[in-house]
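Q: Structure incoming, see below.
The values are calculated or read from the model by the stated rules, or taken from the named source; none is laboratory data. All figures in this text were calculated on a predicted structure; none of them were measured in a lab. All Cβ positions, glycine included, derive from the backbone under ideal geometry; neighbour counts span all protein chains shown.
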Amino acid sequence: MASRPRIGVYICHCGTNIAATVDVEAVTEFAKNLPGVVIARHYTYMCSEPGQALIKEDARKLGLNRVVVASCSPRMHEPTFRAASQEGGVNPYQFEMANIREQCSWVHHDRDEATAKAKALVVAAVAKAARLEPLEDREVGVTPGAVVIGGGVAGMVAALDVAEAGFPAYIVEKSDHLGGHVADLNRTFPDLEPVAEWLPGLIERVQSHPNITVFLNAQVARVEGYVGNFEVTVSGSKVSGSGLGEPGTHSLQVGAIIVATGYKVFDPHRKPEFGYGLYPQVITTLEMERRLAEGDLAVDGKEPEHVVFIKCVGSRDKQLGNPYCSRVCCMISAKQAQLVRQALPDTRVTVFYIDVRTFGKRGEEFYDEARRSGVRYRRGNVSEIYRRGDRVVVRVEDTFLRRTLEVEADLVVLAVGMEARQDTDEIATLLKLPRSADGFFLEAHPKLRPVDTAMDGVFLAGCCQGPKDIPDTIAQARAAAASALIPLLRGTVPVISETAVVDPELCAGCGMCVEVCPFGAPALDPLWGVSRVNAVLCKGCGACAVTCPSKAIQVRHFRPDQILAQVDVLVE
Amino acid sequence: MQADIQELAKELGLGLDLLGCIQCGKCTGGCPVSITTALNVRFLVYEALVDALPDLGGMEELWDCTCCFTCVERCPKDVRPAELIISLRSQLVESGKIPGTIGDALMSIFRQGNPLGFAREDRAAWAEGLGIKSAREGCEVLWFVGCVPSYDMRSQAVAKAAAKVFQAAGVDFGILGTEETCCGNEVRRVGEMGLFEMLVEEGKPLLESVGAPTMVTTSPHCFNTFKHEYNLEGMEVLHYTQFLARLIEEGKLTFSGKVERVVTYHDPCFLGKQNHVFDEPRAVLQAIPGVKFVEMDRIRERSLCCEGGGGRMWFEGTNTEERLAFQRVHEAAETGAEVLAVACPFCMSMLEDAVKVQGLEDRLKVMDILELVAEAM
Amino acid sequence: METTEFEPKIVAFLCNWCTYTGADLAGTSRIQYPPNVRIIRLMCSGSVDPTYVLKALLDGADGVLIGGCHPGDCHYQSGNYKARRRIIALKEILKQAGMEEDRVWLRWISASEGQRFADTVRKMTEFLKEKGPNPMKREWAV
């Protein structure tokens, strides 16, 4: 069946990432003597152009038919090296990777131990490579269109880009209106532009776009399929020209999904020391936003003499399980403090802070403006609030003065942070998305794939991935739309070639594979009484292969002999 | 040095995490004595972090800390600042540089099993003729009376009330009598780790040997250390307010009388802030017929410390003029309450003193919850 | 020096989507763990054939770790549940056969749980060190 193996083995230094811990030369020398190995080399960066050229040249000159690269995780560069192998005339599925960075050099200190482990991982990869068979790349067509979950700014912007590119976009919004949290804002930093000047226009563009369909009071009930061909079941009301339709269930066929479910505002009841809900003088930045919009800053009918802002409420707090910075509260406080100074020039405004983090374009300048407007910044994380007459007392240490103060205030504004929404769990389960430790959705790679997820065809936009301000949200939404457009514009997506296949000679037609498959890929051939796999439906999970009593059904690239060959050499 | 202190804290079993500190000031901002004394725990952490701690011997304010643990409860980075103070105190204890009155208390605990200087054999004298059995005979509930209720005249009344209440509710309880020895909660907090270890080593097998499934303590301080620092096996530790709330809920504790008074309640730090027992004491008070329950402003997580914990029962503090207990009794009086209810012998002592000094005796009476319950039986 | 400490060999069958990625995260986070584990990548914990585990044990692995997605998180809907049923059955068979079933560990470790992966490897290594070398290989050879 398979040709006699002629294997090329390439050990990557990854700069010093691998070479500092693993003796790459020793591993190379060792690999040279492994069965089937024709050549073994090591190189600084195998993923670089010259690194890949080594594979291609060797493959052609030496007639290689298998390639093994020992470098990083296959989740990182398997596609790179498969392509290089193919260019060298080796079937890309006869390529195997040994992960000696993530699973070796980065997690072990001892050079001898790491080198020994690297050797073992290379032996296993070589053993598997020798048994790999050539496979064909496969592609399937893509259903044009995208579902966008969430109708806040992120969701609307992403949907508009998809729609503008000429594809249908479906917005699924849980509430009864578009706009999300931004609709509750008055003016935005750092330009103090009223939200009313741009948000209604954005909503109007979305609602009137011929390619966009909006569902309100709606939720995603079910997601089936895979990148290129998702079937999304939505329960909710469709918005049409004549208004909101009757609630119902809608089945949407799309090629990509954009998750833009946003965040939850931190509930300061969870910080009992601030007396939120107990004292009318203590409010959140969101409530302040409303008051500023209405121009009503009075407390008990009186103009406040002293307004205090408290930062980092619900953020940077390990005890709450929110260790992260919410990234917007410093700017929101600077904005609101400034607006109070503008509206009430005689009112004292104090911002208590741990650190001032007004990063971003025009952020520091905005902080400068806030101080110049007369806002007093004092360093100290407020510890407690209690009542004194009609006013409240803010108990805080001014850490520069090294003195604990009891500051009286008429209005205290808690700069509340962002948290992952409670329904993040449901969405994560529906779409099989992993979450990071902070509860937000986890991107596929923190730097290289910031809007992708572990699920092909599902992308992240806005605060569902982590706290961000409006410019960052929009930038990410447009990035998510651009990424979602790649399969839509290509019209096809690659699908796995590592599918299950039945040996009809061995198959007894018991139908256990049919039972066990969650995707309906195998079916019994009525004429021959044996199982046959529909490769388009097969996802390659291998449930059938384990179940089959006669081992007639196997998954290509993960055949028992290929696995057992690895076990064999690993336990030696 | 910074590493030394972190290492020392670890050895002492303290969860101090100096390197986690961002110097935000939440600890000092909430520290009850940070306004009235020179103690600044945030700055101490900083000095420890940058190896700039001054000579501890001259730092009398280290003994001002009441170990209320507000700083620990609120620290956003889990630094546990109070445990730095305990670590530093332990260094002073090692070198013998401790206030004389604290030294006397520790010596008394070592010799007599109580900090008050009384003889061990008199520990159960208060219980004579009350028909309280020895826990040695076997019992469902081991009642740990505690040092202050055993010897202090005012608190003995609370112990007697407890006995009356438990008996009326038909509780099968016993006490250890003269075998009972100081729990060591304050011993640990003043940094006398050696003595504390000894108390645990001797106390743990003694308490476990009773074989009672439940232990009830009079004091939140005993409750705290038994619950968290003794690792008692097969024994549930309850403060008496939790136990009474349970008896009331199960219908085992019923009232025949009434207490027609306006009552407010002061949360003890070792029960409230540190163990989040806020609701049970209030439930008990509100179950007493006739009681009109009112709240002060600073309650529960925001309760004001009475300054009796962390060794402060034996050390006046560096500021004897401005006492938090003085402020507290005024807060209680302002609610219109006639009774300031407490659930801790230390709070009882500090607040009752304050009522006298502040001349509020004709307006406000400090009573333990147990006394109010007993009055309504 | 004198005697070298026993170093157990652990073969790990990890699902591509969760635990393999979690192991990668341990790497990118530079979380150190003992080098005793050798990872074999499979697409799903549900494709771990009990014969793979048996083969590993009989050939001399001191422990076998099967890592999959948390319940409800399977990329293939229910592969991890299938793995759980199968591994429970396998362990029962091992027990009946007088073999040490506690050398087989099934753990749910997600893509974001690099620390948990490292901790699992550390715990398993310590456990197997305590337990000593796998006697099954020898018995089988006789």
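Q: Could you list all residues from the range C:86-97 that are facing chain A (nearest Cβ under 10 Å) and part of a loop (DSSP other than H, G, I, E, B)?
A: Across the range C:86-97, there are no qualifying residues.
Q: Return only the number of the condition from (1) away from chain B (no Cβ under 14 Å); (2) assigned to a strand (DSSP E or B); (3) over 21 Å from A:Ile283 (Cβ atoms) that A:Glu419 does not satisfy.
A: Here A:Glu419 meets the rest and fails (3).
Q: What helices (runs of 4 or more DSSP H), lying completely within the range B:61-165, carry at least 2 residues that are within 14 Å of another protein chain (Cβ to nearest Cβ)?
A: B:70-74
Q: Next question, about the same structure. Which ones in the range A:74-97 are under 26 Å from the mean Cα position of the chain (by Cα) and within 11 Å of another protein chain (Cβ to nearest Cβ)?
A: A:Pro74, A:Arg75, A:Met76, A:Glu78, A:Met97
Q: With the structure loaded, tell me whether B:Glu331 is touching a residue at least 40 places away in the same chain (Cβ under 8 Å) and over 26 Å from B:Gly103 (Cβ atoms) or whether it fails that test.
A: Answer is no for this residue.
Q: Could you grab me the full set of residues in the range C:100-141 that are basic (Lys, Arg) and surrounded by fewer than 17 Cβ atoms within 10 Å (Cβ to Cβ)?
A: Scanning the range C:100-141 gives C:Arg122, C:Lys123, C:Lys129, C:Lys131, C:Lys137, C:Arg138.
Q: Follow-up. Name the pairs whose Cβ atoms lie under 7 Å apart, with the first residue in the range A:556-570 and more than 7 Å from chain C (Cβ to nearest Cβ), the second of a type in the set (Phe, Trp, Tyr) and surrounded by fewer than 20 Cβ atoms within 10 Å (Cβ to Cβ), and 6 or more positions between them or separate chains?
A: The qualifying pairs are A:His557/A:Tyr93.
Q: Residues to consider are B:Gln2, B:Gln23, B:Gln6; find the one that is modelled with pLDDT of 95 or more and farther than 26 Å from B:Thr320 by Cβ.
A: Values: B:Gln2 fails: modelled with pLDDT of 95 or more; B:Gln6 fails: modelled with pLDDT of 95 or more.
After ruling out the rest, the residue left standing is B:Gln23.
Q: When you go through (1) under 22 Å from A:Arg4 (Cβ atoms); (2) free of Cβ contacts under 8 Å to residues at least 60 places away in the same chain one by one for A:Val122, which number turns out not to apply?
A: (2)
Q: Condition check: farther than 23 Å from A:Glu294 by Cα and surrounded by fewer than 18 Cβ atoms within 10 Å (Cβ to Cβ). Does A:Arg379 satisfy that?
A: Against the criterion (farther than 23 Å from A:Glu294 by Cα and surrounded by fewer than 18 Cβ atoms within 10 Å (Cβ to Cβ)), A:Arg379 does not qualify.
Q: Could you check how many residues of the range C:59-80 are under 26 Å from C:Thr21 (Cβ atoms) and either among the polar types (S, T, N, Q) or within 7 Å of chain A (Cβ to nearest Cβ) (or both)?
A: 9
Q: Another question about this same structure. Which pairs turn up if I take residues in the range B:220-245 that are free of Cβ contacts under 8 Å to residues at least 24 places away in the same chain and look for partners that are in a helix (DSSP H, G or I) with beta carbon separation below 6 Å, at least 6 apart in sequence or on another chain?
A: B:Val237/B:Phe226; B:Val237/B:Lys227
Q: So, one more: For the range A:25-50, how many residues are free of Cβ contacts under 8 Å to residues at least 60 places away in the same chain and within 38 Å of the chain's Cα centre (by Cα)?
A: Counting residues in the range A:25-50 that are free of Cβ contacts under 8 Å to residues at least 60 places away in the same chain and within 38 Å of the chain's Cα centre (by Cα) gives 13.
Q: Quick check on A:Gly374: is it at pLDDT below 95, outside any helix (DSSP H, G or I), more than 18 Å from A:Val313 (Cβ to Cβ) and more than 14 Å from chain B (Cβ to nearest Cβ)?
A: On the way: at pLDDT below 95: no; outside any helix (DSSP H, G or I): yes; more than 18 Å from A:Val313 (Cβ to Cβ): yes; more than 14 Å from chain B (Cβ to nearest Cβ): yes.
Here the answer is no, as A:Gly374 does not meet what is asked.
Q: Which residues, counting only those in the range B:15-44, are closer than 22 Å to B:Glu307 by Cα and either out of contact with any Lys or Arg (no Cβ under 7 Å at 6 or more places or on another chain) or more than 14 Å from chain A (Cβ to nearest Cβ) (or both)?
A: Listed by number, the residues that qualify are B:Cys31, B:Pro32, B:Val33, B:Ser34, B:Ile35, B:Thr36, B:Thr37, B:Ala38, B:Leu39, B:Val41, B:Arg42, B:Leu44.
Q: Is it fair to say C:Ala83 is at the interface with another protein chain (Cβ under 8 Å from one of its Cβ atoms) and surrounded by 23 or more Cβ atoms within 10 Å (Cβ to Cβ)? Show your work before the answer.
A: Details: at the interface with another protein chain (Cβ under 8 Å from one of its Cβ atoms): no; surrounded by 23 or more Cβ atoms within 10 Å (Cβ to Cβ): yes.
Considered against the rule, which asks whether it is at the interface with another protein chain (Cβ under 8 Å from one of its Cβ atoms) and surrounded by 23 or more Cβ atoms within 10 Å (Cβ to Cβ), C:Ala83 comes out as no.
Q: Six or more apart or on different chains, Cβ atoms under 8 Å: show the pairs whose first residue is in the range A:149-172 and at positive phi and whose second is acidic (Asp, Glu).
A: A:Gly150/A:Glu173
Q: Here's something else I'd like to know. Name the single residue, out of those in the range A:378-400 being facing another protein chain (nearest Cβ under 7 Å) and assigned to a loop (DSSP other than H, G, I, E, B), that is nearest to the chain's Cα centre (by Cα).
A: Result: A:Asn381.
Residues checked against (1) within 30 Å of A:Phe274 (Cβ to Cβ); (2) assigned to a loop (DSSP other than H, G, I, E, B); (3) of a type in the set (Asp, Glu):
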residue: B:Gln242; (1), (2), (3): yes, no, no
residue: B:Arg246; (1), (2), (3): no, no, no
residue: B:Gly251; (1), (2), (3): no, yes, no
residue: B:Phe255; (1), (2), (3): no, yes, no
residue: B:Lys258; (1), (2), (3): no, yes, no
residue: B:Thr264; (1), (2), (3): yes, no, no
residue: B:Asn275; (1), (2), (3): yes, yes, no
residue: B:Pro281; (1), (2), (3): yes, no, no
residue: B:Asp297; (1), (2), (3): yes, yes, yes
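Q: Moving on to the next point. Hey, can you tell me all the residues within the range B:132-182 that are of a type in the set (Lys, Arg) and either surrounded by 22 or more Cβ atoms within 10 Å (Cβ to Cβ) or within 18 Å of the chain's Cα centre (by Cα) (or both)?
A: B:Arg154
Q: Applying the selection to the range C:34-47, what residues are within 7 Å of another protein chain (Cβ to nearest Cβ), in a loop (DSSP other than H, G, I, E, B) and in contact with a helix residue (DSSP H, G or I) (Cβ under 8 Å, 6 or more places away or on another chain)?
A: C:Pro35, C:Cys44 - these are the residues of the range C:34-47 that are within 7 Å of another protein chain (Cβ to nearest Cβ), in a loop (DSSP other than H, G, I, E, B) and in contact with a helix residue (DSSP H, G or I) (Cβ under 8 Å, 6 or more places away or on another chain).
Q: Does any residue of the range A:275-282 turn out to be crowded, with 16+ Cβ neighbours inside 10 Å and among the aliphatic types (A, V, I, L, M)? Full working, then the answer.
A: At the first step, the residues of the range A:275-282 found to be crowded, with 16+ Cβ neighbours inside 10 Å are A:275-276, A:278-279, A:281-282.
Checking the rest, the ones that are also among the aliphatic types (A, V, I, L, M) come to A:278, A:282.
There is at least one residue in the range A:275-282 that is crowded, with 16+ Cβ neighbours inside 10 Å and among the aliphatic types (A, V, I, L, M).
Q: Give A:Val299, A:Val313, A:Val307, A:Val282 a once-over and let me know the one that is touching a Phe, Trp or Tyr at 6+ places or on another chain (Cβ under 8 Å) and more than 24 Å from B:Val79 (Cα to Cα). First the steps, then the outcome.
A: Numbers: A:Val299 fails: touching a Phe, Trp or Tyr at 6+ places or on another chain (Cβ under 8 Å); A:Val313 fails: more than 24 Å from B:Val79 (Cα to Cα); A:Val307 fails: touching a Phe, Trp or Tyr at 6+ places or on another chain (Cβ under 8 Å).
Exactly one residue qualifies, and that residue is A:Val282.
Q: Could you say which residue among B:Gly234, B:Gly309, B:Gly317 is modelled with pLDDT of 95 or more and out of contact with any Leu (no Cβ under 9 Å at 6 or more places or on another chain)?
A: Working: B:Gly234 fails: modelled with pLDDT of 95 or more; B:Gly317 fails: modelled with pLDDT of 95 or more.
Result: B:Gly309 is the single residue among B:Gly234, B:Gly309, B:Gly317 that is modelled with pLDDT of 95 or more and out of contact with any Leu (no Cβ under 9 Å at 6 or more places or on another chain).
Q: Considering only the range B:21-60, how many residues are part of a helix (DSSP H, G or I) and farther than 17 Å from B:Ser87 by Cα?
A: Looking only at that region, the number is 4.
Q: When only residues in the range B:50-74 that are of a type in the set (A, V, I, L, M, F, W, C) and at pLDDT 95 or above count, which is farthest from B:Cys21 (Cα to Cα)? Talk me through it step by step, then tell me what you get.
A: Initially, the range B:50-74 is screened for residues of a type in the set (A, V, I, L, M, F, W, C), giving B:50, B:52-53, B:56, B:59, B:62-63, B:65, B:67-69, B:71-72.
Right, trim to at pLDDT 95 or above and you get B:62-63, B:65, B:67-69, B:71-72.
Values: B:Leu62: 19, B:Trp63: 22, B:Cys65: 19, B:Cys67: 19, B:Cys68: 19, B:Phe69: 16, B:Cys71: 12, B:Val72: 12 Å.
Looking at the filtered set, the residue picked out is B:Trp63.
Q: Any chance you could count how many residues in the range B:187-202 are in a helix (DSSP H, G or I) and either in contact with a Leu (Cβ under 9 Å, 6 or more places away or on another chain) or among the aromatic types (Phe, Trp, Tyr) (or both)?
A: Within the range B:187-202, residues that are in a helix (DSSP H, G or I) and either in contact with a Leu (Cβ under 9 Å, 6 or more places away or on another chain) or among the aromatic types (Phe, Trp, Tyr) (or both) number 5.
Q: Applying the selection to the range A:538-572, what residues are within 35 Å of the chain's Cα centre (by Cα) and either loosely packed, with under 15 Cβ neighbours inside 10 Å or assigned to a helix (DSSP H, G or I) (or both)?
A: A:Ala543, A:Cys544, A:Ala545, A:Val546, A:Thr547, A:Pro560, A:Gln562, A:Ile563, A:Leu564, A:Gln566, A:Val567, A:Leu570
Q: Of everything in the range B:233-280, what is charged (D, E, K, R) and buried (at least 21 other Cβ atoms within 10 Å of the Cβ)? Give them in sequence order.
A: Answer for the range B:233-280, where residues must be charged (D, E, K, R) and buried (at least 21 other Cβ atoms within 10 Å of the Cβ): B:Asp267, B:Lys273, B:Glu280.
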